[in-house]
Every structure is written in C-alpha cells, then in structure tokens.
1. Criterion first (at pLDDT below 95 and of a type outside the set (A, V, I, L, M)) does S23 satisfy it?
2. Consider only pairs whose beta carbons are under 8 Å apart and that are at least six residues apart or on different chains; among these, list those whose first residue lies in region 331-342 and is at pLDDT 95 or above and open to solvent by 40 Å² or more (accessible area, probe 1.4 Å) and whose second residue is in a helix (DSSP H, G or I) and of a type in the set (S, T, Y).
3. When you go through G138, G199, G181, G216 one by one, which is the residue that is open to solvent by less than 30 Å² (accessible area, probe 1.4 Å), free of Cβ contacts under 8 Å to residues at least 60 places away in the same chain and small (G, A, S)?
4. Tell me whether region 302-316 contains one or more residues that are touching a residue at least 12 places away in the same chain (Cβ under 8 Å) and among the polar types (S, T, N, Q).
Amino acid sequence: MKRRDLIKGIGGGLAVAGLSACSGADPSGAAKKSAEAETHKWTMVTTWPKNFPGVGIGAERIARLITQNSGGRITVQVYAAGELVPAMEVMTAVSEGSAQLGHGASYYWKGKAPAAQFFAAVPFGMNAQEMNAWLYYGGGIELWREVYAPFGVLPHPGGNTGTQMGGWFNKEINSLEDLKGLKMRIPGLGGEILKRAGGIPVLLPGGEIFTALQTGTIDATEWIGPYNDLAFGLHQAAKFYYYPGWHEPGTVLECMVNKAAFEALPADLQGIVDSVISQVNSEMLAEYTARNAEALATLETEHGIVPRAFPNEVLKRLKELSVGVIADTIAADPLSAKVYESFSAFQKHVAAYHDVSERAFYKTRDL
Ligand code: CA
C-alpha cells in the first residue's frame with residue numbers, strides 16, 4: 001500500500017509512522033491498530049558488567065523477553081555498566097528518561113533516598129522468599145513506589161540472589177578486633193554496621209572489586225555468592241571465604257521503569273513489561289540456587305577453598321550494632337521509618353510461621 005493511500009484510508013490527519021494497515025470505517029479500530037503498529041525503542045542501563053552471570057544475564061533476559069513477547073513493538077538495547085552511564089548513575093538515567101529501563105539494586109541509591117536500601121537487603125532481615133512475600137503481598141511494592149515517586153521511576157523486584165556469602169578476607173576473622181581498620185567493599189546498611197565495628201566500608205561497583213582486592217586497595221570484599229564470586233576470580237585475590245551473608249539475607253535486585261515512558265505504552269504492552277519483569281524475578285532466584293551450589297563445589301574441589309563460618313560472637317555483635325544503625329537511619333528520615341515499620345512487622349509475622357515450617361524442616365532434614 002502506498003503512503004498516500006494509507007493516509008486517505010484513515011482520513012488524513014491520523015497517519016502514524018510505521019502504520020501498515022488500518023480500518024477507515026471505524027475510528028476506534030484505527031486508533032487501536034495504530035497503537036499496535038507503533039514501535040518503541042527503549043534503552044536499558046545496568047549496574048552490572050557485560051554478560052555477567054546471574055544479575056547481568058537476568059537484566060539482558062528482561063530486555064530480550066520484552067522484545068520477543070511484544071513481537072518487536074518494544075525493542076530494548078542493553079548497556080552494561082560504563083557503556084552509556086557509570087554503574088552508580090543508572091537511577092539518574094532512568095529518572096531523567098535517557099534510559100527507559102534500569103537494572104541494579106536499590107541500596108545503591110541510598111544517597112538519593114535512604115529508604116531505598118530497605119527494598120534490597122536489611123542485615124539480619126528477611127530472606128528471598130520472605131522479601132518476595134513482603135513486596136508482593138505485604139505492601140512492600142506500594143511503599144517502594146512511594147519512595148521512587150519523586151524520581152518518576154517505577155520500581156519492580158527484578159531478581160533475587162538468595163542468601164549471599166559473608167565475603168572474601170585477606171586474613172582470618174576470629175574476633176571483632178579483626179574487623180578494626182579493615183577496608184571492605186560492602187554496600188548499604190551492612191557498610192554502616194561495619195563502620196561501627198571499626199571497619200572502613202567502601203562502595204565499589206562489581207567491575208572494580210577484583211583489582212581493588214588483588215592490589216590491596218581493599219582488605220576484604222563481599223560480592224554475591226559462589227556463582228558470581230567464582231566468575232570474578234575472587235578466590236585468586238583473597239583466600240578466606242566466610243559465611244553467612246548476615247548483611248544480605250536475600251538481596252532483591254530491581255528493574256526500574258521510567259514512569260512517563262511506561263504510561264505512554266498501550267495497556268497490552270504495559271502488561272508485557274510487568275509480566276516479563278515478574279517472570280525474571282522468580283527465574284533468577286532459581287538460577288542462583290542451582291548455580292551457587294555448583295560453584296561452591298567447584299571452589300571447594302578445584303580451588304581448595306574451605307568456607308569458614310563467622311564466629312558467633314562476631315555475628316552477635318554485628319547484630320547488636322545493626323539495631324543502632326537502623327534506629328539512626330529511621331530517626332533521620334520519616335520515609336525510612338514508614339518503610340521499616342512495614343518491613344519489621346512483616347518480618348516478625350513471617351518469622352513466626354517460618355519457625356514451624358522452613359526452619360523446622362531444615363533441622364528435620366539434617367536429623
Ligand atoms: Ca553483596
């Protein structure tokens with residue numbers, strides 16, 4: 001069909017770029033078809049290195065599935081950290097609309113919105129299953145949206161790493177004294193707790209961790225878990241691998257959507273964006289569970305790494321310090337107080353159930 005026929009067919013002014021068919025007799029039908037024919041070129045920026053296992057691949061999967069499931073009506077070009085914007089500017093890019101999608105972790109934005117960190121990981125807080133329960137069924141997502149509203153950004157849970165590891169250290173940790181003066185890469189509330197224990201928290205994006213640890217710029221790092229830690233080769237930079245990840249019991253990754261770009265989509269495409277993100281949120285946790293188990297075995301059998309438990313007295317003291325850090329965070333920011341009230345009430349509530357289900361079952365399995 002020639003362009004002039006097309007314009008004639010839908011009555012002049014309704015011409016839409018890329019329109020390939022129309023029904024001139026039915027104005028609402030024409031409008032629907034023109035919406036279906038519109039294509040949207042979206043950009044996704046991430047805080048992750050290119051092709052990075054787990055979190056990075058998950059972000060790329062969101063992009064690919066949005067394009068695939070929309071039949072190409074939305075195309076998404078993904079940029080790794082530093083390709084379009086540095087890792088720590090991902091939220092700004094989505095907020096300003098230079099990217100329509102962003103993938104990262106909400107504790108990276110605590111400088112913009114202190115309450116953001118409660119949606120990623122709370123030390124001694126809730127695990128992956130409990131976080132998803134709070135977010136989807138306990139009012140968590142509504143609060144997250146409230147926290148991001150001033151930025152014009154819609155947050156979604158965009159994956160979960162499961163319980164992380166405690167990290168890689170260049171020396172043994174036998175007592176709290178060993179944390180004093182320790183320079184460690186550790187983000188969010190966990191970093192604040194380390195500071196109160198006498199350590200020096202450093203925030204570095206993933207891509208800079210290995211070199212910093214190997215050159216001695218930092219003495220220790222937490223990253224994610226065996227799957228990602230092995231991929232970075234962290235066992236070549238420090239030999240003491242500690243557990244558990246007290247500071248990140250089940251870290252929620254986030255997929256951010258620019259609100260104006262989302263609202264400009266027809267309803268069916270909005271549904272595709274939402275359902276793809278939700279699908280990858282659950283798939284990523286399954287991937288981490290499987291791959292972390294494989295990678296832990298590889299670290300132990302091929303690289304001679306023997307994971308060590310933090311001494312109980314160290315964990316106990318870190319937990320005591322976490323109470324003060326959270327109290328100060330919520331005292332300084334009313335929105336953090338509102339979010340934490342919901343978070344902590346849900347944790348208490350779900351813990352009572354998990355005491356007689358998950359926790360009781362793990363003990364039973366080990367009998
Ligand atoms: Ca981590």
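The values are calculated or read from the model by the stated rules, or taken from the named source; none is laboratory data. Here the structure is a predicted model, which means the values were calculated and not measured. Using ideal geometry, Cβ is built from the backbone for each residue, glycine included, and neighbour counts are taken over all protein chains shown. Quick note on the areas: whole protein, heavy atoms, side chains included, nothing else; ligands and nucleic acids left out. Shrake-Rupley method; radii C 1.70, N 1.55, O 1.52, S 1.80 Å.
1. yes
2. That search, which allows pairs on different chains as well, returns Y340/T329.
3. Residue meeting the stated conditions: G199.
4. No: zero hits.
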